[in-house]
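Undergrad: Structure provided below as structure tokens; questions to follow.
The values are calculated or read from the model by the stated rules, or taken from the named source; none is laboratory data. Keep in mind the model is a prediction, meaning the values are calculated, not measured. Positions of Cβ are backbone-derived with ideal geometry, glycine not excepted, and every protein chain shown enters the neighbour counts. Each accessible area value is taken on the protein alone, full model and side chains, heavy atoms only, with ligands, DNA and RNA left out. Shrake-Rupley method; radii C 1.70, N 1.55, O 1.52, S 1.80 Å.
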Amino acid sequence: MREPSGVEGVKPERGRRHLIVANWKMNKTRPEALAFRDTFAREAEALGGVEIAIAPPYPFLPDLESSGGAWSLAGQDCSAEARGAFTGEVSAEMLASCGCRYVILGHSERRKHFHESGALLSGKLRQARQAGLVPIFCVGETLEERREGLTREVLRRQVEATENDPPEAPIVVAYEPVWAIGTGQNATPAQAQESIADIRTLLAGRVDLRVLYGGSVTAENASSLASRKGIDGFLVGGASLDSPGFAGICRSCP
Ligand code: PEP
């Protein structure tokens, strides 16, 4: 593996905390979500060193609000439309009105199962901005694309959807190699750092950019990833479902 290019000079801003985002996907019942909230609220008192966001299923958003402000809320997706006759859709404005600060867009599961295109994601980004949400924009290559040496090209193509997004607006990009999501096989710190450096180069015009890593992050592997320059935090799926495990990831960040 070659050393990542352009890593010097792309340190997270001094004083900026790592951002750790829990993506619950379509998991938990309401009682389970409430139990997580109550346990995690106790854990979170000691986790002031990182910024935390939780993306529960939509029905649990109001329940998951942190009474003490220890974490913020994120939507798992939003519609590319503002409102209207789109049964089943959730608008960015609805998420904002439920207290969300962030919205995850372009997760590989949505790209794969719901055929989300770059054009659709540009529309979702526009809606997120209009509602005042900060997008967590997911990108990442499949195993086949990586094996064929196409990773950089895939990332370039995927970030094109952010082209019309105002460069001064804060954006979070999550580098999530598809082969690492839910597989137990995380990218090595060097692999993650290399692609994240590429993303930073591609988005060099952005004024307020944070880049997260996602893919089988656990309390065991988090600190070796988080200590790498340029990795501003994590998007966590499976390991965010359990409060002590998620708190362990948060604690692993310097
Ligand atoms: C994800 O779904 O964004 C993710 C990173 O999942 P996991 O942590 O389970 O690999």
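Undergrad: Restricting the search to the range 69-119, which residues are over 21 Å from Arg30 (Cβ atoms), touching a residue at least 24 places away in the same chain (Cβ under 8 Å) and over 18 Å from the mean Cα position of the chain (by Cα)?
TA: Selection gives Ala80, Glu81, Ala82, Ser91, Glu93, Ala119.
Undergrad: Within the range 221-254, work out how many residues are closer than 21 Å to Lys28 by Cβ, of a type outside the set (Val, Ile, Thr) and surrounded by 20 or more Cβ atoms within 10 Å (Cβ to Cβ). Even if it seems obvious, please write down each step before you answer.
TA: To start, the set of residues in the range 221-254 that are closer than 21 Å to Lys28 by Cβ comprises 234-250.
Now drop any that are not of a type outside the set (Val, Ile, Thr), which leaves 234-235, 237-248, 250.
Filter again for surrounded by 20 or more Cβ atoms within 10 Å (Cβ to Cβ), leaving 234-235, 237, 240, 246-247, 250.
Total satisfying the criteria: 7.
Undergrad: Let me ask something else about it. Going by what's in this entry, would Leu125 be described as at pLDDT 95 or above, part of a helix (DSSP H, G or I) and surrounded by 21 or more Cβ atoms within 10 Å (Cβ to Cβ)?
TA: yes
Undergrad: Something else now. Take the residues in the range 151-185 that are polar (S, T, N, Q) and surrounded by fewer than 22 Cβ atoms within 10 Å (Cβ to Cβ), then tell me which one is nearest to Ser240 (Cα to Cα). Spell out the reasoning first.
TA: Restricting attention to the range 151-185, the residues satisfying the condition of being polar (S, T, N, Q) are 151, 158, 162, 164, 183, 185.
Narrowing further to those that are surrounded by fewer than 22 Cβ atoms within 10 Å (Cβ to Cβ): 151, 164, 183, 185.
Details: Thr151: 27, Asn164: 32, Thr183: 15, Gln185: 16 Å.
The residue in question is Thr183.
Undergrad: Moving on. Looking at Ala74, Ala92, Ala85, which one is modelled with pLDDT of 95 or more, away from the ligand (no atom under 16 Å from the Cβ) and in contact with a helix residue (DSSP H, G or I) (Cβ under 9 Å, 6 or more places away or on another chain)? So that I can check it myself, show each step before the final result.
TA: Working: Ala74 fails: away from the ligand (no atom under 16 Å from the Cβ); Ala85 fails: in contact with a helix residue (DSSP H, G or I) (Cβ under 9 Å, 6 or more places away or on another chain).
Residue meeting the stated conditions: Ala92.
Undergrad: Assess whether Glu51 counts as being open to solvent by 30 Å² or more (accessible area, probe 1.4 Å), touching a residue at least 60 places away in the same chain (Cβ under 8 Å) and closer than 14 Å to Val134 by Cβ.
TA: Judged against the criteria, Glu51 is a match.
Undergrad: Which residues, counting only those in the range 126-153, are within 22 Å of Gly237 (Cβ to Cβ) and within 18 Å of the chain's Cα centre (by Cα)?
TA: Ala128, Leu133, Val134, Pro135, Ile136, Phe137, Cys138, Val139, Gly140, Glu141, Thr142
Undergrad: A further question on this structure: Taking the condition within 30 Å of Ser97 (Cβ to Cβ), among the charged types (D, E, K, R) and crowded, with 21+ Cβ neighbours inside 10 Å, does Glu194 pass?
TA: no
Undergrad: Given the criteria among the β-branched types (Val, Ile, Thr), open to solvent by 10 Å² or more (accessible area, probe 1.4 Å) and over 17 Å from the mean Cα position of the chain (by Cα), does Thr218 qualify?
TA: In short, no.
Undergrad: Another question, if that's okay. Does Thr188 fit the bill of being open to solvent by 10 Å² or more (accessible area, probe 1.4 Å), within 16 Å of the ligand (Cβ to nearest atom) and at pLDDT 95 or above?
TA: yes
Undergrad: Being away from the ligand (no atom under 15 Å from the Cβ) and touching a strand residue (DSSP E or B) at 6+ places or on another chain (Cβ under 9 Å) is the filter here, so list the residues in the range 208-224 that pass it.
TA: Asp208, Leu209, Arg210
Undergrad: If the Cβ limit is 6 Å and pairs must be 6+ apart or interchain, which residue in the range 136-153 that is within 21 Å of Leu105 (Cβ to Cβ) pairs with which residue that is acidic (Asp, Glu) and not in a helix (DSSP H, G or I)?
TA: Within 6 Å, the pairs are Cys138/Glu176; Gly140/Glu176; Thr151/Glu141.
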